[in-house]
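**Q** Once you've had a glance at the structure underneath, I'll fire off some questions.
The values are calculated or read from the model by the stated rules, or taken from the named source; none is laboratory data. Predicted, not measured: the structure shown is a model, and the values here were computed from it. Note: ideal-geometry Cβ built from the backbone for every residue, glycine included; neighbour counts use all protein chains shown. Just the protein is used for accessible areas: all its heavy atoms, side chains included, with ligands, DNA and RNA removed. Shrake-Rupley method; radii C 1.70, N 1.55, O 1.52, S 1.80 Å.
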Amino acid sequence: VAVIAGPGTGKTKTLVSRIAYLIEEQGVKPEEITAVTFTNQAATEMRHRLEQRLGGKRAISRMTIGTFHAICLNFLKNQGVEFSLADDAASLEAAGRALDETGLKMKPKELLRVASLLKSGMDPEEMQTRMAQNDADEEAQEMPQNWNEGAKAYQRILREQHLLDFDDLLLETLKLIEQGSVQDGWEKRFAYLLVDEFQDI
């Protein structure tokens, strides 16, 4: 079911009501419900509303509520994957090292954008257009021919340090699931999946 409505029309209230209905009327176990939203602030708001609606934190603590990245982070940790999350500083440092290695004439932030777009499956032509749009206030520059090598070096440096960036959280989770390399019973947490702000995701 997709609910399409404008701001302030009650989409989050609808999700909260749906979750309450599943638990109170349909007997669904809270641990079988996952609610995903786009920002940490929105996840906190949803959790607060559910606490008010369901009368306490007990049921909420058994649900999975958060952003895609937070849910994937917890999923990987629960599956025993050993890694640290690369924060902005660590990502920029890795990008800087990759640029030094490859001799690319780019800024570290630009390489991070390139790496992120590559991980999203974007082809080079589309990537050039996207980066030009992002740099609308600056003079658009042609992407260096060996940009792909820079992205590969960045990823290798992260791996050497056992780091995952935010894109990797999603991709590693997907890879584990597709390979079937996950502990039995994980899918029960996603028996009922509710997504807030789907257009942003």
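**Q** What about L76, is it out of contact with any Lys or Arg (no Cβ under 7 Å at 6 or more places or on another chain) and buried (at least 19 other Cβ atoms within 10 Å of the Cβ)?
**A** yes
**Q** Which count do you get for residues in segment 104-151 that are touching a Pro at 6+ places or on another chain (Cβ under 9 Å) and either modelled with pLDDT under 70 or part of a loop (DSSP other than H, G, I, E, B) (or both)?
**A** Residues in segment 104-151 being touching a Pro at 6+ places or on another chain (Cβ under 9 Å) and either modelled with pLDDT under 70 or part of a loop (DSSP other than H, G, I, E, B) (or both): 4 in total.
**Q** Against the conditions (1) under 20 Å from A35 (Cβ atoms); (2) open to solvent by 60 Å² or more (accessible area, probe 1.4 Å); (3) in a helix (DSSP H, G or I), where does F198 fall short? Just the number, please.
**A** Answer for F198: the failing condition is (3).
**Q** Out of the residues in segment 152-166 meeting the condition of being assigned to a loop (DSSP other than H, G, I, E, B) and farther than 29 Å from T129 by Cβ, tell me which one is least open to solvent (accessible area, probe 1.4 Å).
**A** Q161
**Q** Could we say that A20 is open to solvent by less than 70 Å² (accessible area, probe 1.4 Å), within 21 Å of the chain's Cα centre (by Cα) and either at positive phi or of a type outside the set (S, T, N, Q) (or both) here?
**A** Here the answer is no, as A20 does not meet what is asked.
**Q** Residue under question is E187, and the condition is that it be surrounded by fewer than 14 Cβ atoms within 10 Å (Cβ to Cβ), assigned to a helix (DSSP H, G or I) and at pLDDT below 80; does it hold?
**A** no
**Q** Mind checking whether some residue in segment 106-117 is within 24 Å of V182 (Cα to Cα) and open to solvent by 70 Å² or more (accessible area, probe 1.4 Å)?
**A** No.
**Q** Sticking with this one: Would you check if L169 is under 21 Å from G80 (Cβ atoms), modelled with pLDDT of 90 or more and crowded, with 19+ Cβ neighbours inside 10 Å?
**A** For L169, the condition - under 21 Å from G80 (Cβ atoms), modelled with pLDDT of 90 or more and crowded, with 19+ Cβ neighbours inside 10 Å - is met.
**Q** Can you confirm whether segment 21-32 contains a residue that is β-branched (V, I, T) and in a helix (DSSP H, G or I)?
**A** For segment 21-32, residues β-branched (V, I, T) and in a helix (DSSP H, G or I): present.
**Q** Of all residues being among the basic types (K, R) and over 16 Å from R189 (Cβ atoms) in segment 50-69, which is modelled with the lowest pLDDT? Just the residue, please.
**A** K57
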